[in-house]
C-alpha cells in the first residue's frame, strides 16, 4: 500500500464525507441556539424582577442622559446579587449540558472516522470496548481549564488595577499588564484544551480511560511530532485564510451601511458570520480526521541513502616501474 499524507487525508475526508461536517454543525449550532435562548429568557426574567416607579419612568422619558442614568441606577440598586445568582445557575446548567452533548457528539464522530479508515484499509479486527465516562471526564477537564482561564484574566485585571493607584494613575501600564497576562493565559488554555480534545480520539480508538487517553495523546505528540505539527499548521493556515475572507466579506455590508437599511446590513453580517462558523466546523472535522489518519495509516517511510563505503586501498600502491628521486643518479 502506498503511504498517504495525514494532512491530505484530512482534507480528503472533509470534502468526500461532508456528512461529518454537517453533524458537527448540527450539534454545535443546536447548543448555541439553546444557550442563546436561555440567556435571552434569563435576561427578560431578570428585568421583570426590577422595580420601576413612576418617578423612574418620568426620568426615563426626559431623554436627558444625566436623569436617565439616575433612574437606571435607582432601578438596578440592590439587584446585583440576583444577577450574579442567575449567572451562576445559568453557567452551571450550560456547562453540564455542554459536557453531556459534546461527549455524545464526539463519540459519534470519532466512531464514524474510525469506521471510515478501517474500511479503507480492509481491517476486519473488532474495535475496542470503550465507555462514555472518559469523554465526560475530558470535557469536565476542558470546562475546568476554561474556568481557570477566566479567573486568570480577572486576576490580570486586578493586578493591572493594583499597578495604577488612584493618586498616580497609569492606564498604559494597566493595559500592558492585562494584555500580557491575558496572552499567556490564552496560550496556556489553547495548548491544554487542544491536548484534551486530541485525547478524545484514544478513548474511542483504543478504549482508554480519561488519564490514559491524555497519556496516549502526549505519547503521540512525542513520537509523531512532525506529522502532528504539519496537520496543525496546515489547518491553522486554512482557518486563518477563512477568517481573513470572512472579515473582508463583512466589511462590504458595513461599507454600504449608510445606503442600505440596517436590517439588510445586519442580515448580511449574520450570513457572513454563519458561513465562517460553518467553514470552521468543517475544518475542525478535517483536522480530527487527519489526527485519526496519523493513528490508522502506516507511517511515511523516511528516505534512506546507502552508506558511503570507501574501497580499501592496496597496501602496496607504488608502481615499481616508476622512477622516484632516489633512483635518479646524483649529478655532480
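The values are calculated or read from the model by the stated rules, or taken from the named source; none is laboratory data. Remember, it's a predicted structure, so these values are computed and weren't measured experimentally. Cβ atoms come from the backbone with ideal geometry, glycine included; neighbour counts cover every protein chain shown.
Matching residues to (1) in contact (Cβ under 8 Å) with a residue 60 or more places away in the chain; (2) within 30 Å of residue 111 (Cα to Cα); (3) out of contact with any strand residue (DSSP E or B) (no Cβ under 7 Å at 6 or more places or on another chain); (4) surrounded by 12 or more Cβ atoms within 10 Å (Cβ to Cβ):
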site	(1), (2), (3), (4)
29	yes, yes, yes, yes
38	no, no, yes, yes
51	no, no, yes, no
59	no, no, yes, yes
63	no, no, yes, no
84	no, no, yes, no
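Going by what's in this entry, would residue 265 be described as assigned to a loop (DSSP other than H, G, I, E, B), more than 23 Å from the chain's Cα centre (by Cα) and modelled with pLDDT under 90?
Numbers: assigned to a loop (DSSP other than H, G, I, E, B): no; more than 23 Å from the chain's Cα centre (by Cα): yes; modelled with pLDDT under 90: yes.
No: the conditions fail for residue 265.
Counting residues that are more than 30 Å from residue 236 (Cα to Cα) and under 32 Å from the mean Cα position of the chain (by Cα), which helices (runs of 4 or more DSSP H) fully inside the stretch 1-80 reach at least 3? It would help to see each step written out before you state the result.
Details: elements: 6-16, 18-48, 54-61, 65-76.
Qualifying helices (runs of 4 or more DSSP H): 18-48.
Cβ contacts < 7 Å: first residue on the phi < 0 side of the Ramachandran plot, restricted to the stretch 109-120; second residue exposed (fewer than 15 other Cβ atoms within 10 Å of the Cβ), any location; separation 6+ or different chain. Result?
114/127
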